[in-house]
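To start, the structure under review is shown below, and the notes come after it.
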Amino acid sequence: TGFMSPVAISRSNPSIMYVGSDNLHISTDGGNNFQRPDPVDMTRPIDATYKPAISLAVSPVNANKVYISTSNLSQRNDDALNVTGTPKVLRSTNASNNTSYSFTDISGSLPDRFTTDFAISSFDDDSVYITMGGFGGGHVYLTPDGGTTWLNRSTGLPDVPFNAILIDPVRPNIIYAACDFGVYVSHNKGVNWFDFNTGFWETTQ
């Protein structure tokens with residue numbers, strides 16, 4: 001698994017719940033039971049064996065539509081690293097089907113860095129924002145078409161890893177993104193960003 005396994009509950013069907021290791025763990029009864037609950041059952045990796053999920057999100061309107069990112073690194077029992085391929089961003093449109101779910105690689109033109117969070121539009125679940133870790137290049141990207149194209153939406157953001165992103169539930173033009181420097185807000189779908197930290201407490205290391 002990643003350092004923290006991502007968990008997502010379907011808003012449109014709360015009985016469906018997903019947890020990510022290097023496999024997708026599926027519950028259709030609100031988390032009481034899961035498919036692939038034990039390592040001996042983990043025979044259907046999301047991307048590849050030893051490529052754990054980092055972030056996971058379910059469409060607000062379609063319980064079967066899932067976006068997930070994977071890491072190419074995992075820790076072995078002897079504390080060495082498994083290194084497998086590159087980080088990926090993937091999409092499934094049949095994720096709750098335990099016997100036949102499949103993922104499509106939609107990484108496309110994204111930088112070769114970890115994707116740390118997803119925000120899926122409630123009005124169009126092909127419209128998805130992501131945040132990225134690492135340094136150099138953009139840290140917020142938007143796909144308007146389910147991953148066919150990616151638009152860099154990082155103007156005005158510092159060059160540090162970003163960890164979280166949220167679409168305002170009332171005014172979807174407004175986007176919030178967070179990093180170690182604090183929270184930033186965009187009023188125009190990520191075209192421009194502004195500091196949103198007035199009144200927030202300072203953090204210490």
Item to check | Single residue of SER10, SER71 found to be surrounded by 19 or more Cβ atoms within 10 Å (Cβ to Cβ), among the hydroxyl-bearing types (Ser, Thr, Tyr) and touching a Phe, Trp or Tyr at 6+ places or on another chain (Cβ under 7 Å) | outcome: SER71
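Taking the range 34-61 as the search range and keeping residues that are hydroxyl-bearing (Ser, Thr, Tyr) and in a loop (DSSP other than H, G, I, E, B), which one is farthest from THR84 (Cα to Cα)?
Filtering the range 34-61 for residues hydroxyl-bearing (Ser, Thr, Tyr) gives 43, 49-50, 55, 59.
Filter once more, keeping what is in a loop (DSSP other than H, G, I, E, B): 43, 49-50, 59.
On the way: THR43: 17, THR49: 8, TYR50: 7, SER59: 28 Å.
Out of the qualifying residues, it is SER59.
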Item to check | Odd one out for LEU151, checked against (1) over 27 Å from ASN72 (Cβ atoms); (2) surrounded by 14 or more Cβ atoms within 10 Å (Cβ to Cβ) | outcome: (1)
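To keep it simple, each residue is scored yes or no on (1) part of a strand (DSSP E or B); (2) surrounded by 19 or more Cβ atoms within 10 Å (Cβ to Cβ); (3) touching a Cys at 6+ places or on another chain (Cβ under 8 Å); (4) aliphatic (A, V, I, L, M).
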| residue | (1), (2), (3), (4) |
| --- | --- |
| ASN32 | no, no, no, no |
| ASP78 | no, no, no, no |
| ARG91 | yes, yes, no, no |
| ALA95 | no, yes, no, yes |
Checklist entry - Is it the case that the range 13-23 has a residue that's out of contact with any strand residue (DSSP E or B) (no Cβ under 6 Å at 6 or more places or on another chain), in contact (Cβ under 8 Å) with a residue 40 or more places away in the chain and surrounded by fewer than 17 Cβ atoms within 10 Å (Cβ to Cβ)? => result yes
Next on the checklist: Show the residue pairs meeting these rules: Cβ distance below 8 Å; 6+ apart or different chains; first residue within the range 68-85 and within 23 Å of TYR129 (Cα to Cα); second residue open to solvent by 100 Å² or more (accessible area, probe 1.4 Å).
Outcome noted: ASN72/VAL83
Next on the checklist: It is to be established whether one or more residues within the range 109-123 are open to solvent by 60 Å² or more (accessible area, probe 1.4 Å), closer than 16 Å to LYS65 by Cβ and in contact with a Pro (Cβ under 8 Å, 6 or more places away or on another chain).
Outcome noted: yes
Item to check | Any pair with Cβ under 7 angstrom, 6 or more apart, that starts in the range 110-135 at a residue that is closer than 22 Å to VAL61 by Cβ and among the aliphatic types (A, V, I, L, M) and ends at one that is open to solvent by less than 40 Å² (accessible area, probe 1.4 Å) and not in a strand (DSSP E or B) | outcome: ILE120/SER59; ILE120/PRO60
Next on the checklist: I'm trying to understand the selection: among the residues of the range 149-169, which are over 20 Å from PRO60 (Cα atoms) and outside any strand (DSSP E or B)?
Outcome noted: THR149, TRP150, ARG153, SER154, THR155, GLY156, LEU157, PRO158, ASP159, VAL160, PRO161
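Quick one: in the range 105-125, which of the residues that are in a loop (DSSP other than H, G, I, E, B) and of a type in the set (A, V, I, L, M, F, W, C) is farthest from VAL160 (Cα to Cα)? Don't jump to the end; show me each part of the working.
Step one: filter the range 105-125 for residues in a loop (DSSP other than H, G, I, E, B), giving 106-114, 121-125.
Filter once more, so that each one left must be of a type in the set (A, V, I, L, M, F, W, C): 106, 110, 114, 123.
On the way: ILE106: 23, LEU110: 16, PHE114: 13, PHE123: 30 Å.
The extreme case among them is PHE123.
The values are calculated or read from the model by the stated rules, or taken from the named source; none is laboratory data. No experiment lies behind these values; they were computed from the predicted model shown. Note: ideal-geometry Cβ built from the backbone for every residue, glycine included; neighbour counts use all protein chains shown. When the accessible area is computed, the model is the full protein with side chains, heavy atoms only, and any ligands, DNA or RNA have been set aside. Shrake-Rupley method; radii C 1.70, N 1.55, O 1.52, S 1.80 Å.
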